[in-house]
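Values in this text are rule-based calculations from the coordinates and carry no lab data. Please read all numbers here as calculations on a predicted model, not as lab measurements. So basically every Cβ, Gly included, is an ideal-geometry build from the backbone, and we count neighbours across all protein chains shown.
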Amino acid sequence: MRFPSFLLGVCAGWCLFGGFESAVQADPLEGVSRTVGTQFDEALQTVSMAAPAAATPALALETPRPSPSSLGGEWIEDFEVAKALGAAQGRHVLLDFTGSDWCGFCIKLDREVFEKPDFKAFSAQNLVLVKLDFPRNKAQGQKTKTQNASLRQKFRVEGFPTIVLLDSSGREVKRWSGFKASLLNELKSAVSSR
């Protein structure tokens, strides 16, 4: 017998708030409910261990902000977070000014450079990646739009794609405009020379 997924959610809530054991009384689901209860207890213990000691149970269930080491190779949108990570880890910050849904060379750069395993491996070890997108057909929050417009002006970006490499203290090291198939090799040189 398969346990319906919506009941898993209900059981999770009961388990979480201490009422699970007393609420389960039906014989056909007894073995299943104990298994689910055990799985949720283990998951709750894992989540609680990751939460600060002073956190309440409700706070322990919030999705934790990614740790700096877990962001290796992942693109983020928040420039301030990226700067802080770069400084904390001693990594360069790579800004990708892009028009992800309309700029042909941006799409080509993503496909032929950024999505390749070699780039992902290098960036995971050496860079904090920031995508500063200027889409035409994708929804984007006002905070992100404002940040991206401000950074476009600050870094004097006139066309897309523009790639800006910053050192760990936030100073510009190098920039590239347009599609460059050799970008990864040039990034490696720029990062190793610092």
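Annotations
- Residue pairs, from the table LYS83/LYS145; LYS120/LYS188; LYS143/LYS188; LYS154/LYS188; LYS120/LYS174, whose Cα atoms sit over 23 Å apart: LYS143/LYS188; LYS154/LYS188
- Cross-link reach list, lysines versus LYS138, counting only Cα pairs under 20 Å and skipping chain neighbours closer than eight places: LYS108
- Computed on the stretch 102-178, with alpha-carbon pairs under 8 angstrom and 6+ residues apart, the relative contact order is 28 percent.
- Using a Förster distance of 22 Å, the FRET efficiency for PHE179-ALA121 (Cβ separation, nearest 0.05): 0.55
- Contour excess over end-to-end distance, with Cα ends at LYS143 and GLU186 and 0.36 nm allotted per residue: 12.3 nm
- Among 118-130, 90-102, 180-192, sorting by the average number of other beta carbon atoms lying within 10 angstrom of each residue, highest first, gives 90-102, 118-130, 180-192.
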